[in-house]
Amino acid sequence: NGDLSVRGARGNVRLDTHNGSIDATVESAELATSTHNGNIRLALAGSGPHSSKVTSHNGSVRVRMPEGAGAMLDASTHNGRVAWAGQVVDATYERGKLRGRIGDGKGSLRVSTHNGDIRIE
């Protein structure tokens, strides 16, 4: 029931809190983050490929991918908007759901929130 702030974690990383925000910079091949009532601000580092799942039920989510990273992106929000930078290609967007490819697509990035906006950078 508190905020998490993590910098420089490596390896397989799992960050969970119920009533708090998550602010993290991680270099990880596998990452799972979740909060029920909080925002998530995540910066991925390293060359990848990344396999990341980012979930907030009631909060906004911002994910910053490293330069040159690749992933197949699946982002969705029920009550918010999804915004993305030009690095997402072959993008399809409809009613709060974005699917597309980042770089070579050799990884996966799943981002979801029920009540909040999503921004992929």
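The values are calculated or read from the model by the stated rules, or taken from the named source; none is laboratory data. These figures come from a predicted structure and were not determined experimentally. Ideal geometry is used to build each Cβ from the backbone, glycine not excepted, and the neighbour counts take in all protein chains shown. Quick note on the areas: whole protein, heavy atoms, side chains included, nothing else; ligands and nucleic acids left out. Shrake-Rupley method; radii C 1.70, N 1.55, O 1.52, S 1.80 Å.
State yes or no: is ARG62 under 21 Å from ILE102 (Cα atoms), in contact with a Leu (Cβ under 8 Å, 6 or more places away or on another chain) and modelled with pLDDT of 95 or more? Yes.
If the condition is being farther than 17 Å from ALA69 by Cβ and free of Cβ contacts under 8 Å to residues at least 24 places away in the same chain, then region 23-39 contributes ASP23, ALA32, SER34, HIS36, ASN37. Within region 37-50, the residues that satisfy the criterion of being among the polar types (S, T, N, Q) and either over 28 Å from ASN1 (Cβ atoms) or more than 14 Å from the chain's Cα centre (by Cα) (or both) are ASN37, SER47. Might you let me know whether region 91-100 holds any residue that is closer than 22 Å to GLU27 by Cβ and either under 13 Å from the mean Cα position of the chain (by Cα) or crowded, with 17+ Cβ neighbours inside 10 Å (or both)? There is no residue in region 91-100 that is closer than 22 Å to GLU27 by Cβ and either under 13 Å from the mean Cα position of the chain (by Cα) or crowded, with 17+ Cβ neighbours inside 10 Å (or both). Only one of the numbered conditions (1) modelled with pLDDT under 95; (2) within 14 Å of the chain's Cα centre (by Cα) is violated by ALA75, and that is (1). For region 75-88, the tally of residues that are in contact with a strand residue (DSSP E or B) (Cβ under 7 Å, 6 or more places away or on another chain) and either buried (at least 16 other Cβ atoms within 10 Å of the Cβ) or farther than 16 Å from ARG64 by Cα (or both) stands at 8.
If the condition is being touching a residue at least 24 places away in the same chain (Cβ under 8 Å) and surrounded by 18 or more Cβ atoms within 10 Å (Cβ to Cβ), then region 1-21 contributes only SER21. When region 29-66 is filtered for residues that are hydroxyl-bearing (Ser, Thr, Tyr), in contact with a strand residue (DSSP E or B) (Cβ under 8 Å, 6 or more places away or on another chain) and open to solvent by 10 Å² or more (accessible area, probe 1.4 Å), the ones remaining, listed by number, are SER34, SER51, THR55, SER60.
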